[in-house]
Amino acid sequence: MASPRFLLLFTTLSLTVSSAISGSVVEDLANLQPPSDFNTTIMKNCQHNPSLRYCNSSSMDLKEIFKFTIVASHLCNESKNPNCVHSFDHIDLRNRPKMAPLYLSYSFFWKYCPLTVLSIDLSNISLKGSFPKEVICCDQIQALDLSLNGLTGEFPIESFAPLTNLTFLNLSYNYFSESKISDSQFFKRFNDSSFIHSGILPSDRNYTIKAILLLVGFPISVILMAVCFGWLCFQRPDYLPRMFQRKHKFTPSMLRAATNGFSRKNQMVRSEGVEIYKGTLRDSTQVRIEIYRGCISREKRKEFVEECKVLVELCHKNLVQVLGWCRTRNQRAIVTEWTDGETIEMWLSGSAPPWKQRLKILIGVVDGMRYLQENWPEVVYDLRINSVLLADNHEPILSRFQVGDQYSNNKKIHKFGIFLLEIITNRRSQEFERGEAGLIEHVRDNYPENLHKVIDARMKLPENMFDQAKHGIELGLMCTDQSISKHPSLNQISHMINKVYESCLELAPQNHKRSHGDGGKGHKHVQ
């Protein structure tokens, strides 16, 4: 308790400045100066009651202490303490939102908070922001009420350690951040009613909301993930990890993305019922996409898939690699690797390739045919010079396949015979009125006496190589002769062409030597 002299000082100062602060607590405290004998009064006060807060201050600020005494006197009256300032035991500013912030702003008052104050009630005064730590300077208080405000942020549990006398605390109906106050010794001094809807403790409502979010949100998130995963599986499986991808199966969405929406820029060929596009898969693989449009029966679609399952197993350097297929009700597509090269027809027309290179092309084609005959006899291939591709390393590549029994072995040999004749003569069966039959008839009419009219003159063959080309013509006529019952087998054809190729390699250096050593007179070109 304050000494009588100190209490008398409160009363005296209150009366002295009442004219200056009527209607409000203090607005001009900065202009007020302590009386001339104020220092003597303070010193005497501390001698009688050394426990006064300002007496224990390391450096006394008389002006600050003077302002404190004035604010204390008025706050005592505002809080309706009986017999102010003789019994200043509580600060009561509840329901006074305009007055309370003013007193809270006086840091000098809370710094020298009277030891007589045992309770502070600041409820329902529309406080905002963080916890007002100024009030904790009154560490002797037994009760503190800050309920029904808008306080936010962290609750300063550590700052309450000096308040050992505090037995009543009410922080209800604020918006503090949730903390682990329930685990502290501080919390055990009070009951749950001190923290109702304060935000400090997890409320039942929060638990209910979290439970609802868990019970409702989790299944929804699972469903959304399942829908997303399902969409990826059926539309864009190329976004899934490789272990989840369906091998060799492409979707319309994948093909649309690979071809930039089936743009005309990516379209290579367009004919009735068939479109061919160049595309780039998500892993940057360049592909050739052959699309067949039109509605077919379910049985036909099943047959198409079974054929594709066979084609993706093909693996040979002279066969294009079939990567997979796409099948829908109105569309079928075969996806193969892209080969940057021209067709044999374009190659023959543009560069006038020599005899040795043509033999190498024939060897590659026969190798591919033998692989299919020995391993996949049910696979039919399109053997025409405008469908066989030429890779960068000049390896021929059979690029179009079908599964079925449409072609017998004799038919395949016949097709190769036509291919062989077109390679040697650089003539197309389409150039003749009767097609393939017209080409065969043209060659037979000039065989053997006038073969110089048949063999591609751009090769400029020396006589010994001309004989090799003649044997090639004989082989082509033998393969296309429908009057004989037995045609040469692919193994026999392969043996003959390889033998001619080896002979060509041996003759090439000799012809080269003669053309330089004999001035070009050691042999003649057959025209």
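What are the pairs with Cβ atoms under 8 angstrom where one residue, in segment 454-480, is within 14 Å of residue 419 (Cβ to Cβ) and the other, located anywhere, is open to solvent by 30 Å² or more (accessible area, probe 1.4 Å) and part of a helix (DSSP H, G or I)? Sequence gap at least six, or different chains.
472/500; 475/496; 477/444; 480/436
Between a residue in segment 47-59 that is more than 15 Å from residue 108 (Cα to Cα) and any residue that is of a type outside the set (Val, Ile, Thr) and open to solvent by less than 50 Å² (accessible area, probe 1.4 Å), which pairs come within a Cβ distance under 6 Å, given they are 6 or more apart or on different chains?
The qualifying pairs are 48/3; 49/3.
Which one is least open to solvent (accessible area, probe 1.4 Å) among residues in segment 410-435 that are farther than 16 Å from residue 475 by Cβ and part of a helix (DSSP H, G or I)? Walk me through how you get there before you give the answer.
Restricting attention to segment 410-435, the residues satisfying the condition of being farther than 16 Å from residue 475 by Cβ are 411, 426-435.
Imposing the further condition that a residue be part of a helix (DSSP H, G or I) reduces the set to 411, 429-431.
Values: 411: 83, 429: 17, 430: 126, 431: 98 Å².
Selected residue: 429.
Limited to segment 372-388, what total is found for residues that are within 17 Å of residue 349 (Cα to Cα) and open to solvent by 30 Å² or more (accessible area, probe 1.4 Å)?
The qualifying residues number 2.
What's the total number of residues in segment 340-358 that are open to solvent by 50 Å² or more (accessible area, probe 1.4 Å), farther than 23 Å from residue 320 by Cα and either among the aromatic types (Phe, Trp, Tyr) or not in a helix (DSSP H, G or I) (or both)?
1
Determine which single condition residue 123 fails, assuming it passes every other condition in (1) more than 27 Å from residue 154 (Cβ to Cβ); (2) in contact (Cβ under 8 Å) with a residue 24 or more places away in the chain; (3) part of a loop (DSSP other than H, G, I, E, B); (4) open to solvent by 10 Å² or more (accessible area, probe 1.4 Å).
Checking residue 123 against (1) more than 27 Å from residue 154 (Cβ to Cβ); (2) in contact (Cβ under 8 Å) with a residue 24 or more places away in the chain; (3) part of a loop (DSSP other than H, G, I, E, B); (4) open to solvent by 10 Å² or more (accessible area, probe 1.4 Å), the one that fails is (1).
If the Cβ limit is 8 Å and pairs must be 6+ apart or interchain, which residue in segment 95-107 that is more than 16 Å from residue 148 (Cα to Cα) pairs with which residue that is of a type in the set (S, T, N, Q) and part of a loop (DSSP other than H, G, I, E, B)?
Between residues of segment 95-107 that are more than 16 Å from residue 148 (Cα to Cα) and residues that are of a type in the set (S, T, N, Q) and part of a loop (DSSP other than H, G, I, E, B), the close pairs are 102/24.
Tell me yes or no: at least one residue of segment 270-279 is modelled with pLDDT under 90, out of contact with any Asp or Glu (no Cβ under 9 Å at 6 or more places or on another chain) and part of a loop (DSSP other than H, G, I, E, B).
Yes - at least one qualifying residue is present in segment 270-279.
Tell me which residues, restricted to segment 130-157, are touching a Cys at 6+ places or on another chain (Cβ under 8 Å) and buried (at least 20 other Cβ atoms within 10 Å of the Cβ).
138
Please work out which residue is surrounded by the most Cβ atoms within 10 Å (Cβ to Cβ), limiting yourself to segment 321-339 and to residues that are among the aliphatic types (A, V, I, L, M) and under 11 Å from residue 255 (Cα atoms).
335
Out of 103, 175, which single residue is of a type in the set (Ser, Thr, Tyr), under 26 Å from residue 29 (Cα atoms) and assigned by the TED database to the domain that holds residue 52?
On the way: 175 fails: under 26 Å from residue 29 (Cα atoms).
Selected residue: 103, the only one of 103, 175 that is of a type in the set (Ser, Thr, Tyr), under 26 Å from residue 29 (Cα atoms) and assigned by the TED database to the domain that holds residue 52.
Which of the residues belonging to segment 445-468 are charged (D, E, K, R), part of a loop (DSSP other than H, G, I, E, B) and within 23 Å of residue 349 (Cα to Cα)?
If the condition is that a residue be charged (D, E, K, R), part of a loop (DSSP other than H, G, I, E, B) and within 23 Å of residue 349 (Cα to Cα), then 456, 460 are the ones that fit.
The values are calculated or read from the model by the stated rules, or taken from the named source; none is laboratory data. This one's a predicted model, so the numbers in the text were calculated from it and none came from an experiment. Counting neighbours? That spans all protein chains shown, and the Cβs are built from the backbone with ideal geometry, glycine included. Calculation scope for accessible area: heavy atoms of the full protein, side chains included, ligands and nucleic acids excluded. Shrake-Rupley method; radii C 1.70, N 1.55, O 1.52, S 1.80 Å.
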